[in-house]
Amino acid sequence: MKRLHRYILKSFLGPLVLTFFIVMFLMIMQFLWRYIDDLVGKGLQFHVLAELLFYLAASFVPMALPLAILLAALMTFGNFGERFELTAMKSSGIPLQKIMLPVFYLMIFLTVFAFYFANNILPIANLKSRSLLWDIQRQRPELNIKAGEFYNGIDGYSIKIGRKNFKTNMLYHILIYDHSDKKGNIAVTYADSGKMIITPNKKDLIFNLYHGQAYREVINKNKHPVNRRDKTFPFREDYFSQQTLVIKLTGFGLKRTDENLFKNNYSMLNLSQLQHFIDSLNQQLGDKKSLFQKTVMRQYFEYVRLFARYHKKDTLSGKAKHTTVAVPFDLWNAFSGLSNSYQQSIIDQGITSAQTTSNYVHNIRRVIEAQVKWIRRHQIEWHRKFTLSFACVIFFFIGAPLGAIIRKGGLGMPIVISVLFFVFYYIISMSGEKFVREDVWSPFTGMWISTFILLPIGIYLTYKSTNDAAIMSPEAYSHFFRRLIDRISHLLSRKRKD
């Protein structure tokens, strides 16, 4: 039996490793396709791209592992069925549950590993990859001045060239506007030809200009420098046969942001940190609701005291109408007992107070809704660490019996079925997550709904596979429909005879 278990594990581990790297490759390609515009043309060094892809691959592990398990289980047990090895095992008195047992133990280990990875390694991988991607997105593209177009990628300068000679790297009809002093285009340099050189550290851009002139306005300090209506500015014009112009380049190197700015994001926290943030955010939400209730009640009681103050003034002046004020204080009786001037004042102040309270309620409602959504984000991430890990077991109980039923190995049929099941799982998971974010479902219901749906499917498939049910056989379904049609025809013929 131990030799058989080793054979089953060996047959499973090969497809598992293969499918895992295939799934990882597809996910990385999907990411590169999505962010290709942010990566191309930045002059990134190889080690920067390698670092980004490494951390991205680590962040994709919790999602890729369940799909790889599903595909590997389908391939392994499909190969067993296709080569009649599964039939031989069952004919020897070994039930399907015992055949699946060594792989099931491996699934328990992979589930624990996936949970440990999601809780301890995934937050670090997310922090590294997203902070590095943020830095890459903020990096400026490589210096690329096209002929016939103004290039404004350098702060304080606008550069245009007429044409390029790609064999000699010579530039012709060079026009450089210098507004680095933030006083407008007060300095212009024109040259018939020249060469452009970027220093190896990419900190300076050097222009070697030939046969040109430089024009600069001299602004009088006693006059406002931006008053362009004044036509009395003196200027200086210089002619040169050769001149070297050095422009400082800023923002072209990759500047790494402090990772502490991103570490409090929900996707970069482990379970204990997420729980701490959830408790803190719930406490803040409770304080905001309590403050909201106190503020509204305080405005109401201030309005009631306003009634009482006006009623007291009318009573002391003898202008109050013959009405009695009930105890506890009755607003309508108090209002009816006031003079017309006080009644109008109460109405005006009531309208103002109602508008103020309405605006306050609207603003505090948006604040509370934003707070609830932020709490839901943390709760989603807390449950996701468990659901993605448990998905390894679910997909194994779907893939193994389904592979034994269809009895097709290789990468053809297993890939089709795996993709269908994974898309089904992904749609349910994303729908549940959306309902949680919108506060329609509780976090537990929304995040575990895919598990509640797929786990019974896995149990049903295991049961059918144990009983050798041909649920994937076309002959079985054709036989069922033929019997159904014959039964309907028999009932219709008996009805005609009656």
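The values are calculated or read from the model by the stated rules, or taken from the named source; none is laboratory data. All values reported here derive from a predicted model rather than from experimental measurement. Quick reminder, even Gly has a Cβ in these numbers, built from the backbone with ideal geometry, and neighbours come from all protein chains shown.
The residue of the stretch 6-40 that is surrounded by the fewest Cβ atoms within 10 Å (Cβ to Cβ), among those that are of a type in the set (Phe, Trp, Tyr) and closer than 20 Å to residue 401 by Cβ, is 7.
Residues considered: 157, 151, 55. Of these, the only one that is in contact (Cβ under 8 Å) with a residue 24 or more places away in the chain, closer than 29 Å to residue 256 by Cα, in contact with a strand residue (DSSP E or B) (Cβ under 7 Å, 6 or more places away or on another chain) and among the hydroxyl-bearing types (Ser, Thr, Tyr) is 157. When 205, 127, 175, 209 are screened for being within 30 Å of residue 387 (Cα to Cα) and in contact (Cβ under 8 Å) with a residue 12 or more places away in the chain, only 127 passes.
Close Cβ contacts (under 7 Å, 6 or more residues apart or on different chains) running from residues in the stretch 183-194 that are among the β-branched types (Val, Ile, Thr) to residues that are part of a loop (DSSP other than H, G, I, E, B) comprise 186/219.
Residues in the stretch 220-253 that are surrounded by 15 or more Cβ atoms within 10 Å (Cβ to Cβ) and modelled with pLDDT under 65: 2 in all. Look at the stretch 79-105: where a residue is within 18 Å of residue 397 (Cα to Cα) and in contact (Cβ under 8 Å) with a residue 40 or more places away in the chain and a partner is of a type in the set (Val, Ile, Thr) and surrounded by 12 or more Cβ atoms within 10 Å (Cβ to Cβ), sitting 6+ places away or on another chain with Cβ atoms under 7 Å, you get 95/466; 96/466; 97/466; 99/8; 102/8; 103/8.
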